[in-house]
Amino acid sequence: MLQRKFEDNYRHKGLRKKLVEEIRRKGITSENVLKAIEEIPRHWFLDVAFLEFAYQDKPFPIGYQQTISQPYTVAFQTQLLDIQPMEKVLEIGTGSGYQACVLSKLGAKVFTIERQKKLYQQTKEFLQAAGFSDIRCFYGDGYKGLPAYAPFDKIIITAGAPEIPQALIEQLKPGGRLVVPIGKNSMQIMTLLIKNADGSLTKEEHGFFAFVPMLRNKANDDL
């Protein structure tokens, strides 16, 4: 079980400010995204023993064969989504909950799916304790999305997908955006899909990134 401490002192805030400047230098231009990264205590999402790693611009393992994504990657995907206040956003791959919190900070109504049951339970409890109780967490298969809550203004996939699940395209509103790293190998191409009024898709590619693979079906509950 992770040992967490919900404090946020001047040192933490100073480290976060340095992190924001680093990802700004790497090309993140959205001031709203940078502000959200600066406001969220990333060290809360890791065990207290790993504070020194929390504000490095690197991914970090969180167990269950998952990682908390690199801050630059979180910012990059979020910037592509172009979140507007009160938009409904579906996230595939809750993980640590960090990406969901960034979306929530931007004013989105966040629905997030996790396929690892213990990680889902752990993160759901953590988000409640950390004050992000507005984020709606679901245990399920990301390939199926959440048809009962569709349509969504934006969809983000935080795992490498071999192809884009058709169910998710169907759950995206006309004019909506879907951001997904696509590829079957260790590196994927960050892809933005914009759904046109006639249901067709406009596709943009935004460079190579590395994600854990997106898997079908719910995970073994005992993992």
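So here's what we get for this one:
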read-out: Net charge of neighbours whose Cβ lies under 14 Å from the Cβ of residue 84, counting Lys and Arg as +1 and Asp and Glu as -1; value: +3
read-out: Whole-Hz couplings from phi, Karplus 6.51/-1.76/1.60, listed for the range 33-48; x for Gly and Pro; value: 5, 4, 5, 5, 4, 5, 8, 8, x, 5, 5, 5, 8, 10, 4, 4
read-out: Lysines whose Cα lies under 29 Å from that of residue 173, excluding same-chain neighbours fewer than 8 positions away; value: 35, 88, 105, 109, 117, 124, 144, 154, 184, 195, 203, 218
read-out: Selection of chymotrypsin sites (Phe, Trp or Tyr not before Pro), the range 1-80, meeting DSSP coil and at most 11 other Cβ within 10 Å; value: 6
read-out: Helix axis angle, 71-81 relative to the chain longest principal axis, alpha carbon, degrees; value: 30
read-out: MRE, 222 nm, helices only [DSSP H, n ≥ 4, -39500 (n - 2.57), over the chain, to nearest 500]; value: -8500 deg cm²/dmol
read-out: Ellipsoid equivalent to the chain - semi-axes via the Cα gyration tensor, in Å; value: 26, 20, 16
read-out: Helix axis angle, 10-25 relative to the chain longest principal axis, alpha carbon, degrees; value: 40
read-out: Backbone HN-Hα couplings from phi across the range 198-206 [Karplus 6.51/-1.76/1.60, Hz, Gly and Pro as x]; value: 8, x, 6, 10, 9, 10, 10, 10, 10
read-out: Between 0 and 90°, nearest 10: helix 117-129 axis offset from the chain longest Cα axis; value: 60
read-out: DSSP-defined beta bridges in the range 63-209 - what % are antiparallel, rounded to 5; value: 45
read-out: Restricting the range 101-168 to GluC sites (Glu not before Pro) in coil, as DSSP defines it, with at most 11 other Cβ within 10 Å; value: 163
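Bear in mind these aren't lab numbers, they're just calculated from the coordinates by the rules spelled out. This structure is a prediction, so every number in the text was calculated from the model and none was measured. When we count neighbours, we look across all protein chains shown, and the Cβ atoms used for this are built from the backbone with ideal geometry, even at glycine.
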